[in-house]
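Visitor: Quick one: structure below, then a few questions.
Every number in this text was worked out from the coordinates using simple rules, so none of it is lab data. Computed from a prediction, not measured in an experiment: that's the story for all the values here. Glycine also receives a Cβ, built like all others from the backbone with ideal geometry; neighbour counts cover every protein chain displayed.
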Amino acid sequence: MPRYVIERVYDEAVHDDMENVGARSKRIATESFPEILWEHSHIVSDESGIKSFCVYEAPNQEYIREHGEQLGSHVITHIYEIAADVTPGDFPG
């Protein structure tokens, strides 16, 4: 099944409530999108606010967008399909 990195930007009101956003995201996926698997996320912040880069396994990008619409409180700015995973151990030297 394809894997994706989802870049999201969160509303200002969510900044102090990321734990509840994560729990709600997991619940929505379990109840309405059982084909989606949330692998992990990286939460980052800068002067523009909070973003996340989430790795999901899903049948297609539309499922991810529908899940995001139900979650609310954020905007998906980009979805990247993962072509491969590499680590430093994959390279000589």
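Visitor: Taking 0.36 nm per intervening residue step and subtracting the Cα-Cα distance, what contour gain separates Asn20 from Arg3 on full extension?
Guide: Numbers: separation 17, 0.36 × 17 = 6.12 nm, distance 2.41 nm.
Value of the extension gain: 3.7 nm.
Visitor: For Lys26, Lys51, what ranking results if the residue with the fewest other Cβ atoms within 10 Å of its Cβ goes first?
Guide: Details: Lys26 11, Lys51 17.
So the residues, fewest neighbours to most, are Lys26, Lys51.
Visitor: Arranged by the count of other C-beta atoms within 10 angstrom, fewest first, what order do Val21, Val44, Val9, Val86 take? Before the final figure, lay out the partial values.
Guide: On the way: Val21 21, Val44 11, Val9 14, Val86 7.
So the residues, fewest neighbours to most, are Val86, Val44, Val9, Val21.
Visitor: Using 0.36 nm per residue of separation minus the Cα-Cα distance, give me the extension gain between Phe53 and Glu81 in nm, one decimal. Intermediate results must be reported in sequence, preceding the final value.
Guide: Numbers: separation 28, 0.36 × 28 = 10.08 nm, distance 1.25 nm.
Net length gain for the segment: 8.8 nm.
Visitor: Let me ask something else. Skipping prolines and chain starts, which residues have an amide H placed within reach, meaning under 5 Å, of the one on Ile82, given they are 5 or more residues away or on another chain?
Guide: Arg3, Tyr4, Val5
Visitor: Okay, next question. Evaluate the distance, in nm, between pseudo-label points positioned 7 Å from the Cα of Asn60 and of Ser45 along their respective Cα→Cβ axes.
Guide: Once both label points are built, they end up 3.8 nm from each other.
Visitor: Relative to the longest principal Cα axis of the chain, at what angle does helix 18-32 sit, 0 to 90 degrees, rounded to 10?
Guide: Roughly 80 degrees, rounded to the nearest 10.
Visitor: Report, in deg cm²/dmol and to the nearest 500, the calculated mean residue ellipticity at 222 nm for the chain, where each DSSP H run with n ≥ 4 adds -39500 (n - 2.57) and the sum is divided by the residue count.
Guide: -9000 deg cm²/dmol
Visitor: How would segment 3-83 be classified by its alpha-carbon gyration tensor: rounded, prolate or oblate, with rounded meaning a/c under 1.5 and the a/b versus b/c comparison settling the rest?
Guide: Working: a/c = 1.90, a/b = 1.33, b/c = 1.43.
Oblate.
Visitor: Sticking with this one: Mind putting a number on the dipole of the chain about its Cα centre? Charges go on the C-beta only, +1 for Lys and Arg and -1 for Asp and Glu, and I need it in Debye to the nearest 20. Please report the intermediate quantities before stating the final value.
Guide: Details: 7 positive and 18 negative charges, 33 e Å.
Its charge dipole is roughly 160 debye.
Visitor: Show me, for segment 75-81, the HN-Hα J-couplings you get by feeding each phi into the Karplus relation (A = 6.51, B = -1.76, C = 1.60, θ = phi - 60°), rounded to Hz, glycine and proline as x.
Guide: My calculation for segment 75-81 gives 10, 7, 8, 6, 10, 10, 7 Hz in order.
Visitor: While we're here: Would you give the gap between the C-alpha center of segment 16-38 and the C-alpha center of segment 42-93, rounded to a whole Å?
Guide: That distance is 14 Å.
Visitor: I want to check the label-to-label distance for Asp11 and Glu35. Put each point 7 Å from Cα in the C-beta direction and report it in nm to one decimal.
Guide: Placing both labels 7 Å beyond Cα along the Cβ direction yields 2.8 nm.
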